[in-house]
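Novice: Pasting in a structure now, in structure tokens, and then I'll have a few things to ask.
Where a number appears in this text, it was derived from the coordinates with a stated rule and is not lab data. Just so we're clear, the structure is a prediction, and the values are computed from it rather than from any experiment. Ideal geometry is used to build each Cβ from the backbone, glycine not excepted, and the neighbour counts take in all protein chains shown.
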Amino acid sequence: MNLAHKLVFATCLLASLSGPVHAACEGPSSFDSLSEEDQARLEEKSARAPFHEGILWQVEKGGVTSIIVGTMHFPDTRHAATVAAVDRLAEAPTTLFLELTSDDQRAFQTYLGADPSRTLITEGPSLIDRLGEDLWAKLLPRLQEVGLPPFMAAKYQPWLLGTVLSMPKCALVGLQAGEPGLDVMVEDWAVNKGLAIRSLDNAEDLFDLMAGDPLDEQVEMLKWSLSLDFDLHGANEPGTIVAMYRDETLQLFWEYTIDSALALISDAADKQRAADMFEDIQRDLIDGRNQAWVEVLAPAMSKTPSVVAVGALHLPGGQGVLALLRDQGFSVTRLAISPG
């Protein structure tokens, strides 16, 4: 079983934590509603991870200094301040490294569009028939929230459907209105500065990682996920994402996300299966990519000053980008977004 199975499951769980939200992804943090004991437990656990807090960092080796910023891929009113901080603190960078550049994202979309069978169910029954009436009914409220017509969703392969459902509605609204995430804003800054812009991911390899399982196996995982005893129409999680990102408590957000998801599952065997899958996602989708990225970043940043903008959850932890660079002999220093 590869990562596509686990992504189908995890996106269903994460979707269960998302509900109606304000247009700008604002709202209360559900972490604040936990008991003091639960908050302390998760804070203590997250603090064990190296670099567990912070989204803006300086790394230096041999007199060459670079900036690393942990991004949030959907819009937020405070992104402009982060871009301004990068502009202020980066010392004559020559290159920007992103997960995928805009050009490579467009090329990837062309790649997907060239063969509908990569994303859609092109033969046989739709998801409605494959899941059955009762399980399909559990998806309908979430489809309505994100504005995805059921007749279209029924043709999506489960990995793609899970990807769409994991995106908060507020983020979809913002992106559709042309409001960029931080990675796009940093890329625009780099274009204006005349920097070279490089992708850290290979789009086709990433597709194989996310969508490599046969359709029947994806459907079985989706069935199991939907059969668990939680409701896909839940709490205001996007408010939590924004609040904890702004607080720069990255590892705490990840620990809280997993803890909240597992708390929705009562059966012990299902809970353990879910916990194992989250560990696999951490290993394959986060840690594994971090290691591949640092193989590119370490030699490049040893020679020329650069800016690196990758998803914030790639920064913390013993296998995070920062710890891996530290292990390669870089000094790592946290920076403040606001001057002074």
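Novice: Compute the angle between helix 79-89 and the longest alpha-carbon principal axis of the chain, please, reported from 0 to 90 degrees and rounded to the nearest 10.
Specialist: Between the helix axis and the principal axis of the chain, the angle is about 30 degrees.
Novice: Using Cα centres only, tell me the gap between the range 24-64 and the range 275-340 in whole Å.
Specialist: The distance from the Cα centre of the range 24-64 to that of the range 275-340 comes to 15 Å.
Novice: Report the one residue of 312, 147, 89 whose Cα lies farthest in the direction of the positive end of the charge dipole of the range 3-334 (charges on C-beta: Lys and Arg +1, Asp and Glu -1; origin at the Cα centre).
Specialist: Of the listed residues, the answer is 89.
Novice: Something else: Using mean Cβ contacts within 10 Å as the protection proxy, how do 32-44, 296-308 order, highest first?
Specialist: Peptide ranking by packing, descending: 296-308, 32-44.
Novice: Rounded to the nearest 20 Debye, what is the dipole magnitude of the range 45-195 about its Cα centre when Lys and Arg each give +1 and Asp and Glu each give -1 at the C-beta?
Specialist: Working: 13 positive and 18 negative charges, 68 e Å.
My answer is approximately 320 debye.
Novice: With Kirkwood's inverse mean 1/r over C-alpha pairs for Rh, give me the Rg to Rh ratio of the chain, two decimals please.
Specialist: On the way: Rg = 20.1 Å, Rh = 20.9 Å.
Looking at the chain, the ratio lands at 0.96.
Novice: Separate question: Find the lysine pairs in the chain meeting two conditions, Cα atoms under 19 Å apart and a separation of 8 or more places or different chains, and report how many there are. Could you put the intermediate results ahead of the total?
Specialist: Details: 6/223; 6/271; 61/303; 138/155; 138/169; 138/223; 155/223; 223/271.
The number of close lysine pairs in the chain is 8.
Novice: Could you give the dipole magnitude of the range 3-334 about its Cα centre, charging the beta-carbon of Lys and Arg +1 and that of Asp and Glu -1, in debye to the nearest 20? Intermediate values should be presented prior to the final figure.
Specialist: Values: 25 positive and 49 negative charges, 159 e Å.
With only Lys, Arg, Asp and Glu charged at Cβ, the dipole is about 760 debye.
Novice: Same structure again: So, counting K/R as plus one and D/E as minus one, what does the shell of residues with Cβ under 14 Å around residue 110 add up to? Provide the component values of the computation, followed by the final result.
Specialist: Numbers: positive: 106, 118; negative: 103, 104, 115, 204.
Value of the local net charge: -2.
Novice: Another question, if that's okay. Please compute the length gained on full extension between residue 172 and residue 291, using 0.36 nm multiplied by the number of residues separating them and subtracting their Cα-Cα distance. Present the calculation step by step, with values, prior to reporting the outcome.
Specialist: Numbers: separation 119, 0.36 × 119 = 42.84 nm, distance 3.01 nm.
Roughly 39.8 nm would be gained on extension.
Novice: Right, next: Under the rule of -39500 (n - 2.57) per DSSP H run of 4 or more residues, summed and divided by the residues of the chain, what mean residue ellipticity at 222 nm is obtained, to the nearest 500 deg cm²/dmol? Before the final figure, lay out each step's value.
Specialist: Details: 17 runs with 181 residues, N = 340.
Theoretical 222 nm ellipticity from helices: -16000 deg cm²/dmol.
Novice: Can you work out the PRE-style zone for residue 109? Point 7 Å along Cα to Cβ, and I want the residues of the range 147-172 with backbone N under 16 Å.
Specialist: It comes to 164, 172, nothing else.
Novice: Got a sec? Charge dipole of the chain, +1 on Cβ for Lys and Arg, -1 for Asp and Glu; which of 251, 192, 157 is way out at the positive end?
Specialist: Positive-most Cα among the choices belongs to 192.
Novice: How much length, in nm to one decimal, is gained on full extension between residue 196 and residue 91, taken as 0.36 nm per residue of separation minus their Cα-Cα distance? Numbers along the way, then the final one.
Specialist: Details: separation 105, 0.36 × 105 = 37.80 nm, distance 1.49 nm.
That pair, residue 196 and residue 91, stretches by 36.3 nm at full extension.
Novice: For the chain, with the dipole built from +1 on Lys and Arg beta-carbon atoms and -1 on Asp and Glu ones, taken about the Cα centre, which of 332, 181, 65 lies farthest toward the positive end?
Specialist: My answer, from the dipole projection, is 65.
Novice: Ok, one more. Please figure out what share of the DSSP beta bridges in the range 3-334 is antiparallel and state it in percent, rounded to the nearest 5. Kindly include the intermediate steps, with their values, before the conclusion.
Specialist: Details: 11 of 24 bridges.
Expressed as a percentage, antiparallel bridges in the range 3-334 total about 45.
Novice: Restricting to DSSP loop positions (anything but H, G, I, E, B) with no more than 16 other Cβ atoms inside 10 Å of their own Cβ, which GluC sites (Glu not before Pro) remain in the range 246-309? Walk me through the numbers on the way to the answer.
Specialist: Working: sites: 248, 255, 279, 295; in loops: 248.
In loop regions of the range 246-309 (DSSP not H, G, I, E or B), there are no sparsely surrounded GluC sites (Glu not before Pro).
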